[in-house]
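A short reminder: the numbers here are calculations on the coordinates, not readings from a lab. These numbers were taken from a predicted model, which means no experiment stands behind them. Methodologically, a virtual Cβ is constructed for each residue, glycine included, from the backbone with ideal geometry; neighbour enumeration extends over all protein chains shown.
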Amino acid sequence: MFKKSRKKIVAAIMSILILLWAGTLGVIYASSYFEMKKQNEQMLRSYAQMYTLPQSFEQMMPPDRPRPDGNPGFKPGFDPESPKFQLSTFYSVAVSYKGEILEIKNDSPTVYASDDLAQMAKDIIKDGKSTGTKDNLTFLKTDKNGYVLVAFMDNTVVNENARSLFRYTLIFGGVALVLFFFLSVFLARKIVAPLEESYQKQRQFISDAGHELKTPVSVVNANAELLSRELGDNQWLQNIQYENERMGLLVGQLLDLARTENVTPQMGYIDFSRLVAGEMLPFESVAFEKGLVLNSNITNGIAVEGNSTQLKQLVSILLDNAIRHSKPDGEVRLTLTKDHGIAEISVINKGDEIPAEHRERIFERFYRMDTARNGEDQHYGLGLAIAKAIVDAHHGHIGVHCYDGLVEFRVCLPTAREK
């Protein structure tokens with residue numbers, strides 16, 4: 001139980017840290033990306049605005065020639081005298097409306113061949129995009145009143161720096177998360193330690209109280225028997241015997257719970273199908289007396305690694321619970337099946353639906369949904385707690401499900417390896 005709590009605390013802490021880390025990185029890199037993209041477009045617009053063809057090409061352009069792309073009316077959005085603009089590397093390809101290359105500006109030293117730039121420019125014009133990126137180049141296409149200009153800005157260095165920064169951020173962030181993981185494990189242990197200590201003390205108290213009460217209950221019972229032989233029928237003595245019997249049952253259940261939780265049971269290979277069938281037989285008469293029918297569907301040959309005494313007690317608790325809470329003239333159905341290495345025992349009865357808020361708590365010790373009942377039926381809310389302790393000791397799972405007016409208790413246990 002506490003191991004699961006520690007895992008949940010660690011998972012919660014790590015989830016919060018990872019979300020914060022990922023969210024912070026996402027915001028930083030997203031804002032940086034959009035800011036860089038905006039600045040690149042502004043510089044490309046300024047470059048395109050200042051670009052002019054050599055005089056020989058300008059004279060070839062008829063002044064009244066139609067412009068297919070219209071005039072977008074670019075305005076310089078970046079200071080051409082700024083160091084960032086001056087240190088940036090630009091390429092440009094001027095293309096006539098007929099698709100002829102008029103000029104390629106690709107000053108040395110360069111990373112891209114002029115033919116590659118020309119082909120990229122033709123592809124961009126064909127795609128119809130005005131802005132975008134290709135490889136490490138940011139491009140801008142604009143109509144220059146007689147020809148189309150495709151301007152490129154080289155972001156190779158910036159992109160490499162961004163990738164390096166991102167890579168080192170991931171590395172150091174991962175190292176930090178590993179350190180925080182060990183820190184969260186330490187904190188989880190510190191947080192759970194007082195609760196675990198309190199729980200252990202409670203278990204020890206139940207065990208000690210059960211053993212301490214066992215002797216006086218036995219003494220009272222023996223003396224009451226002797227008095228009944230001398231006095232005969234006596235109302236007050238009968239009250240003492242009745243309450244002492246109830247106390248004896250409670251002490252017995254306390255000892256069963258303490259034994260189940262504190263003692264590691266001896267495990268062995270058990271024919272679970274045979275055990276369940278044998279344990280069900282005595283309950284057929286009990287069900288019949290209450291006007292119920294006990295039916296079963298038990299798959300043969302299912303074996304588990306477990307303690308026979310505890311598993312018998314588990315089956316008895318489930319059947320007793322189903323019979324006691326069944327509606328009159330109903331049916332209690334027990335099934336045992338095997339699926340993917342799991343033995344599943346199911347006990348179903350027709351009864352009142354268990355509210356969702358109670359379905360987990362009914363496995364707690366002394367928990368009763370009907371607070372008005374205080375043990376008059378000789379049950380003190382320990383049966384299902386004992387059942388859960390037995391299931392946990394066998395590394396299984398127990399749960400309750402309500403549907404169509406039926407209540408089902410389902411237990412899953414790992415099966416044993418075949419001999």
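The table below lists the values:
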{"quantity": "Cα shape, the chain, gyration tensor, a/c 1.5 rule", "calculated": "prolate"}
{"quantity": "Angle in degrees between helix 272-289 and the longest Cα principal axis of the chain, rounded to the nearest 10", "calculated": "60 degrees"}
{"quantity": "Simple Cβ-charge dipole of the chain, Lys/Arg +1 and Asp/Glu -1, about Cα centre, in debye nearest 20", "calculated": "1020 debye"}
{"quantity": "Net length gained if the chain between Ser108 and Ala22 were fully extended (0.36 nm per residue, minus Cα distance)", "calculated": "26.9 nm"}
{"quantity": "Partners for Lys190 among lysines (Cα-Cα distance below 29 Å; same-chain residues under 8 apart left out)", "calculated": "Lys3, Lys4, Lys7, Lys8, Lys201, Lys388"}
{"quantity": "Sites excluded, GluC sites (Glu not before Pro) in DSSP loops with at most 15 other C-beta within 10 Å, longest stretch of the chain", "calculated": "101-352"}
{"quantity": "Contour minus Cα-Cα distance for Lys312 and Tyr29 (0.36 nm per residue)", "calculated": "95.7 nm"}
{"quantity": "Principal-axis tilt of helix 308-324 within the chain, Cα atoms, nearest 10 degrees", "calculated": "90 degrees"}
{"quantity": "Computed label-point distance, nm, for sites Arg359 and Phe205 using a 7 Å Cα→Cβ extension", "calculated": "3.1 nm"}
{"quantity": "Rounded tilt (10° steps) of 114-127 against the dominant C-alpha axis of the chain", "calculated": "70 degrees"}
{"quantity": "Charge tally in the Cβ shell below 13 Å around Met14, where Lys, Arg are +1 and Asp, Glu are -1, Met14 excluded", "calculated": "+3"}
{"quantity": "Rounded FRET efficiency, nearest 0.05, which uses the C-beta distance separating Leu165 from Gln49 and R0 of 22 Å", "calculated": "0.10"}
{"quantity": "Computed E for Asp116/Ser96 - FRET, C-beta separation, R0 22 angstrom, nearest 0.05", "calculated": "0.65"}
{"quantity": "Nearby lysines by direct alpha-carbon distance to Lys105 (threshold 27 angstrom, same-chain neighbours under 8 apart not counted)", "calculated": "Lys37, Lys38, Lys75, Lys84, Lys122, Lys126, Lys129, Lys134, Lys141, Lys144"}
{"quantity": "Neighbourhood net charge (14 Å Cβ-Cβ; Lys/Arg +1, Asp/Glu -1) for Val411", "calculated": "-1"}
